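Visitor: Mind looking over this structure? Questions follow.
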């Protein structure tokens, strides 16, 4: 008599199909978002198109979170080049890391946006940004909030 199936209980997988599937999915994900090698058996054009689409989605998320940064000339191309091969940390962390990496080339508005975001994460802060020949200072205190004098 055959053993009765129990609902919700997985059957044994003697051939290791689940492990192979999980490894294949992990390799595909790494190739698409972490800069890993392309897995065998996938169309190169489809992988490249998917990579571009994921980078564009990521860029759009960063642009919504960081509007002054996204308004910088050449942001789309610079961000795509910077983000390719880097795993995402979320739109806040991606925008902050991109902005800090390109700080010398940013406008005052974008630098102000980055400085305000950095100050918001602290209870008390005095932060200074000396990019593009103009010094910006951010002050943060509980009652004061965040102030960046013009």
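Visitor: What number of residues in segment 88-107 are surrounded by 12 or more Cβ atoms within 10 Å (Cβ to Cβ), at pLDDT below 95 and under 16 Å from residue 35 (Cβ atoms)?
Guide: Result for segment 88-107: 1.
Visitor: Does any residue in segment 30-46 that is on the phi > 0 side of the Ramachandran plot and modelled with pLDDT under 85 come within less than 6 Å, Cβ to Cβ, of a residue that is assigned to a loop (DSSP other than H, G, I, E, B) and surrounded by fewer than 16 Cβ atoms within 10 Å (Cβ to Cβ) six or more places away or on a different chain, and which pairs are these?
Guide: 35/85
Visitor: Still on this structure, please answer the following. So is residue 27 modelled with pLDDT under 90, surrounded by 14 or more Cβ atoms within 10 Å (Cβ to Cβ), assigned to a helix (DSSP H, G or I) and over 19 Å from the mean Cα position of the chain (by Cα) or not?
Guide: yes
The values are calculated or read from the model by the stated rules, or taken from the named source; none is laboratory data. Remember, predicted model here, so these are calculated numbers, not experimental data. A quick note on method: Cβ atoms are made from the backbone with ideal geometry, for glycine too, and the neighbour counts reach across all protein chains shown.
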